[in-house]
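Encoded as structure tokens, the structure appears first; notes follow it.
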Amino acid sequence: MKKSLLPRSARRQINGWTMASVIGAAVVLLPILYVLTGLFRPANENWDKVKQFLLTDYILGSAKLVIFTGFFATFIGVVLAWLVVGYSFPLRRFYKWALVLPLAMPPYIAAYTYSSMTGYTGVIQATLRNRFDLVLPPGTIDVMSDRGAIFVLTLCLFPYIFMLTRVFLERQSASFIENARLLGHKPLSVFFRVVLPLARPAIMAGVMLVLFEVLSDFGVANYFGVQTVSTAIFQTWFGMYDVQSAMKLAAWLMVAVLGLFMLERLLRRSRRYASPTSRSNPLKPQPLKGIAAWGATLFCTLVFLLAFFFPIAQLVVWAIETGGTVWRSDFLDLTVNTLKGAGLGTAIVLLIAILSSRAARMFDSPFMQALTRLLSAGYAVPGAIVAIGVLAVFIALDEWLAPFYGMLGKEEGALVLSLSLAMLITGYVIRFMATGYGALEAGYEKMPKAYSEASRTLGRSSLATFFRVELPLLRGSLLSGFVLTFVEVVKELPLTMLLRPFNYDTLSTRAYQYATDERVFDAALPSLFLVLIGLISVLFILKAERS
Amino acid sequence: MSFVAVDGVTFRFAAGQSAVIEDLSFAMSRGETVGVLGASGSGKSTLLRLIAGLEMPERGSISINGRVIVDERVFVEPEKRGVGMVFQDYALFPNMTVADNIVFGLHKLKREERRLRLEEMLELVQLSGYVRRYPHELSGGQQQRVALARALAPQPSVLLMDEPFSNLDAHLKAAIRSELRQILRQAGTTCLLVSHDEADVDAICDRSLHVRAVEASDFGSAEFAR
Ligand SMILES: Nc1ncnc2c1ncn2[C@@H]1O[C@H](COP(=O)(O)OP(=O)(O)O)[C@@H](O)[C@H]1O
Ligand SMILES: [Mg+2]
């Protein structure tokens, strides 16, 4: 009797919704797995050379950026978060949200802005020279180094840690911290004994985001001439046209990412001890007085100026100085390209996200949970890896479809898919699926299941229920999923540079190209555009957080 | 012949877990209002969800008006069972007005019929002045009546109500209880009403069914009173 029942419940799970999630997960996983097979594939001569002479440097370069950026970003992020939550001081309310704004600044833009500002003709040295007759010995402020890369990455990425930690402390910590204060703990002891252990899960989540971003970074390291595994992938691919070795590098980077990814899962699992029940009144900040108050304000101001205000101001000045002269007719093409790629990518992300988030809700099985987790794995995978995996899979597809191309009258060995925009879009979808999926999953979590069930008992099919009840209620989540994903795609640099069709430029690739050609004035306007688009998404995040 | 027949139904939420409902059988005749009593966690809501088709039993069969809606081979989807349900917290669609909520299940009717049915329902639950309101603009008692009207509008063969009074103030409860009894009689509906309060069931139902958590008994988990 049971035998006939089990297949029945299994059969009910196989439908369009689950198929969409399976396909989505396959699209995300296939290229990533393909890259991993690079570990076991035979090497060529070049790879032996790379391995012997360069690999250690690449790994050390990446490790240095990861470790130091991770450390400084955590320090700045956590200290600032605790300051604005635990204490009141002048401008505290402003900095509570303003310190998230640097997220709008793509690190590669901050990189070339800072490098020009600190260069010999840049605003800092020029001012010292002309106003104060002060000539710095060369190399005093040298950002074209790994120190510079760490500086820029820290300033652009610390807001992840700041934001997650701050939100956590605001919502969860009040009773514990107030108790500790009542028990007479000194401020430092409250910080180390209560705040840090309590906020550990939030801090770790933020740190992981930062580390994945650093491993994925190409723009900053490349601009500052720091050798990392990511930049090495580019050089072997485009410099030596050795995709095979690039793939091997990517496979090794992937191993590192997988290690981090598992570490994150492990740490997340042990996070349950933090009591989520205390949704009590928020923590009352302690007023700081005198020097302490001004010190806090000064620290926040310094970080804000360095991470956001100075670079933006510099970009604005450049854009104004050049007047309209940098406005080129091809900006329109760039903008159209950018919007088209991002629009298509985002639309596909949202489509897969909505189908699979619904499948996950309909069938809350371990299988579906695993599937959706895989679906969102792309955010941890560096753009360069995604790019090389997608390229490999598309070339294989082209080979596989070759007879079919022949029938259509194309020449032998024609590359159709792997020269098309489809390849870039696929890369975007893989890398940013997590953003879209997260938004829709949250939307479904907010919606009581009883709405859908009521609709079913009122005679509407599952599909009709989706369109008439769920979709209208998901509108807000769809919008925020769209904005967040769209902006990520627009800002994305390495993936676009590696996978774009010939002669296809976006705002980000063009801005970066101008910057590497030492044409920072020309880069200013598209860069400002990108920052502005980024600001939209940051404001969205801030607004979502408040509700 | 019984109108609703539940026969030997066993259900568990996941393989390996203990059964929430084990070998449960009972019957209802047409037009009857039966109360389901039992401690919290004893499986009352689960029983309603099984009849509505929101969960699938592991064993046993359920039929309504002679038609098998679930057994070993058959599973009729909830929308095809002709079963109405009033959820514990009403589950009114927050983005739709009272009128839109009530006509939601009337999509198969013609426009004119739909309008007439809406008016009839509004009159039955005495909410004629509230058609344009949204659920959050109504009191708890009014929301409950909208949920009732919405469930009754498509003229279900069986109405299931899950703790319809749990979200109401005590002083509202008495008034609404007698009102509900009257509405159900007037509509002639066969109704299964879940409550953990014996007084509710006494006031509304013709007879009652006691559900006990499965661990307590090896032989069936339901017994009739009265
Ligand atoms: N979705 C679910 N998954 C697993 N167990 C559940 C789920 N819903 C209810 N249960 C369990 O099933 C039992 C019966 O629940 P329920 O039918 O809601 O009881 P009642 O309505 O009588 O309070 C309870 O022990 C409850 O914990
Ligand atoms: Mg219940």
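Let a ≥ b ≥ c be the square roots of the eigenvalues of the Cα gyration tensor of the range A:43-158; is it rounded (a/c under 1.5), or, if not, prolate (a/b larger than b/c) or oblate?
Numbers: a/c = 2.80, a/b = 1.29, b/c = 2.17.
It is oblate, given that a/c is not under 1.5 and a/b is not larger than b/c.
Would you work out the charge dipole size for the protein assembly as shown about its Cα centre, treating the Cβ of every Lys and Arg as +1 and the Cβ of every Asp and Glu as -1, and quote it to the nearest 20 debye?
On the way: 75 positive and 61 negative charges, 254 e Å.
I would put it at about 1220 debye.
Enumerate the whole-percent occupancy of each 10 Å bin, from 0 to the last occupied one, for all C-alpha pair distances of the protein assembly as shown.
2, 11, 18, 19, 17, 14, 10, 5, 2, 0, 0
May I ask for the net charge around A:MET423, where only other residues with Cβ less than 11 Å from the Cβ of A:MET423 are counted and Lys, Arg are +1 while Asp, Glu are -1? Write out the running numbers ahead of the final one.
Details: positive: A:ARG500; negative: A:ASP398.
So the surrounding residues net to 0.
What relative contact order, as a whole-number percentage, does chain A give when Cα pairs under 8 Å and 6 or more residues apart are counted? Write down the numbers at each step before the final one.
Values: 689 pairs, mean separation 127.1, N = 547.
Answer for chain A is 23 percent.
Over the range A:169-256, consider all pairs of different Cα atoms and compute the Kirkwood hydrodynamic radius from their mean reciprocal separation; express it in Å, one decimal. Display every interim value, and only then the final one.
Values: mean 1/r = 0.0614 Å⁻¹.
Hydrodynamic radius (Kirkwood, Cα pairs) of the range A:169-256 is 16.3 Å.
Around A:SER189, under 15 Å between beta carbons, what's the net of Lys plus Arg minus Asp minus Glu among the other residues?
Working: positive: A:ARG181, A:LYS186, A:ARG193; negative: A:GLU178.
For residues surrounding A:SER189, the net value is +2.
Placing one identical point scatterer on every Cα of the range A:76-222 and ignoring solvent, what is log10 I(q)/I(0) from the Debye formula at q = 0.09, 0.10, 0.15, 0.17 Å⁻¹?
So the normalised log intensities are -0.40, -0.48, -0.85, -0.96.
Charges at C-beta only: +1 for Lys and Arg, -1 for Asp and Glu. How large is the resulting dipole of the range A:394-499 about its Cα centre, in Debye rounded to 20? Mind dumping the intermediate values first?
On the way: 9 positive and 10 negative charges, 135 e Å.
Using Cβ point charges on Lys, Arg, Asp and Glu, the range A:394-499 gives about 640 debye.
Over the Cα atoms, compute the radius of gyration (one decimal) and Dmax (the largest Cα-Cα distance, rounded to a whole number) for the range B:73-226, in Å.
My reading of the Cα-based Rg and Dmax gives 16.6, 54 Å.
Excluding A:ALA353 itself, calculate the net charge of residues whose Cβ lies under 15 Å from the Cβ of A:ALA353, where each Lys or Arg counts +1 and each Asp or Glu counts -1.
Values: positive: A:ARG358, A:ARG361, A:ARG373, A:ARG431, A:ARG475; negative: A:GLU441, A:GLU445, A:GLU470, A:GLU488.
Summing Lys/Arg as +1 and Asp/Glu as -1 gives +1.
Where both residues lie in the protein assembly as shown, what percent of DSSP beta bridges are antiparallel, nearest 5? Show your work: numbers first, answer last.
Numbers: 18 of 38 bridges.
So the antiparallel bridges in the protein assembly as shown amount to around 45 percent.
Two decimals, Cα atoms only, Kirkwood Rh: what is Rg/Rh over the range B:1-160? Please list the in-between numbers first.
Numbers: Rg = 17.2 Å, Rh = 17.1 Å.
Reported Rg/Rh, Kirkwood definition of Rh: 1.01.
Arrange B:MET161, B:MET121 by Cβ neighbour counts within 10 Å, fewest through most, would you?
On the way: B:MET161 27, B:MET121 24.
Sorted ascending by nearby Cβ count, the order is B:MET121, B:MET161.
May I ask which of A:LYS446/B:LYS80; A:LYS96/A:LYS491; A:LYS284/A:LYS543; A:LYS284/A:LYS449; B:LYS108/B:LYS173 have a Cα-Cα span longer than 30 Å here?
A:LYS284/A:LYS449; B:LYS108/B:LYS173
Just want the ordering: A:TRP97, A:TRP252, from fewest to most Cβ atoms lying within 10 Å of their own Cβ.
Taking fewest neighbouring Cβ atoms as first place, the list is A:TRP97, A:TRP252.
If you project the alpha carbons of the range A:361-471 onto the principal axes, what extent comes out on each, in Å, largest first?
Each principal axis gives a Cα extent; for the range A:361-471 these are 58, 34, 24 Å.
Separation of the range A:198-245 and the range B:168-214 by C-alpha centroid, Å?
Distance between centres, Cα-based: 65 Å.
Evaluate the charge dipole of the range A:455-499 about its Cα centre and quote only its size in Debye, nearest 20, assuming +1 on the Cβ of each Lys and Arg and -1 on the Cβ of each Asp and Glu. Could you put the intermediate results ahead of the total?
Working: 5 positive and 3 negative charges, 66 e Å.
Roughly 320 debye for the range A:455-499.
So how do A:300-313, A:79-92 stack up, highest first, on mean other-Cβ count within 10 Å? Write down the numbers at each step before the final one.
Values: A:300-313: 18.8, A:79-92: 20.6.
Ranking the peptides A:300-313, A:79-92 by packing returns A:79-92, A:300-313.
Could you tell me how many cubic angstrom of Cα convex hull volume the range A:283-385 has per residue?
Convex hull volume per residue, Cα atoms: 234 Å³.
Using 0.36 nm times the number of residues separating A:LEU183 and A:ALA347, minus their current alpha carbon distance, what extension gain do you get?
Working: separation 164, 0.36 × 164 = 59.04 nm, distance 5.39 nm.
Working it through step by step, the gained length comes to 53.7 nm.
Is the range A:502-541 rounded, prolate or oblate when judged by the Cα gyration tensor, a ≥ b ≥ c being the square roots of its eigenvalues, rounded requiring a/c under 1.5 and prolate requiring a/b larger than b/c? Provide the component values of the computation, followed by the final result.
Working: a/c = 3.63, a/b = 1.77, b/c = 2.06.
Oblate is the answer for the range A:502-541, as a/c is 1.5 or above yet b/c matches or exceeds a/b.
Under the definition of partner shielding as Cβ atoms of other protein chains within 10 Å of a residue Cβ, what is the mean value for peptide B:78-85?
Details: counts 11, 10, 3, 3, 2, 3, 4, 6.
That average works out to 5.
Could you point to the residue in B:VAL211, A:LEU65, A:VAL229 farthest towards the positive end of the protein assembly as shown's charge dipole, with +1 and -1 charges on the Cβ of Lys/Arg and Asp/Glu respectively?
Checked the options; the winner is B:VAL211.
Summarise the partner chain shielding of B:87-95 as one whole number: the mean count of Cβ atoms from other chains within 10 Å of each residue's Cβ. Could you put the intermediate results ahead of the total?
Values: counts 7, 1, 2, 2, 10, 3, 7, 5, 5.
Neighbouring Cβ atoms belonging to other protein chains average 5 per residue here.
Starting from the Cα of A:LYS49, draw a straight line to each of the aspartates and glutamates and keep only those under 15 Å, dropping any in the same chain fewer than 8 residues away.
A:ASP57, A:ASP242
If amide hydrogens are placed 1.01 Å from N in the peptide plane, which non-local residues have theirs closer than 5 Å to the one on B:ARG59?
B:THR10
Starting from the Cα gyration tensor of the range A:423-547, take the square roots of the eigenvalues, sort them a ≥ b ≥ c, and report rounded, prolate or oblate (rounded when a/c is under 1.5, otherwise prolate if a/b is larger than b/c, else oblate). Please list the in-between numbers first.
Numbers: a/c = 4.26, a/b = 2.34, b/c = 1.82.
Verdict is prolate for the range A:423-547.
As a check on your grasp of the helix formula, calculate [θ] at 222 nm for the protein assembly as shown: sum -39500 (n - 2.57) over DSSP H runs of n ≥ 4, divide by the residue count, round to the nearest 500. Please list the in-between numbers first.
Working: 33 runs with 460 residues, N = 773.
Helices in the protein assembly as shown give a 222 nm mean residue ellipticity of -19000 deg cm²/dmol.
Take every residue in peptide A:469-478, count the Cβ atoms of other chains within 10 Å of its Cβ, and give the average of those counts. Please report the intermediate quantities before stating the final value.
On the way: counts 5, 0, 0, 4, 3, 0, 1, 0, 0, 0.
Mean shielding count: 1.
For a protection proxy built on the mean count of beta-carbon atoms within 10 angstrom, sort B:108-114, A:202-208, A:499-505, B:34-40 highest first, please.
A:202-208, B:34-40, A:499-505, B:108-114
Each value in this text was obtained by applying a stated rule to the coordinates, not by laboratory testing. Here the structure is a predicted model, which means the values were calculated and not measured. Cβ sites come from the backbone with ideal geometry, for glycine too, and all protein chains shown count toward neighbours.
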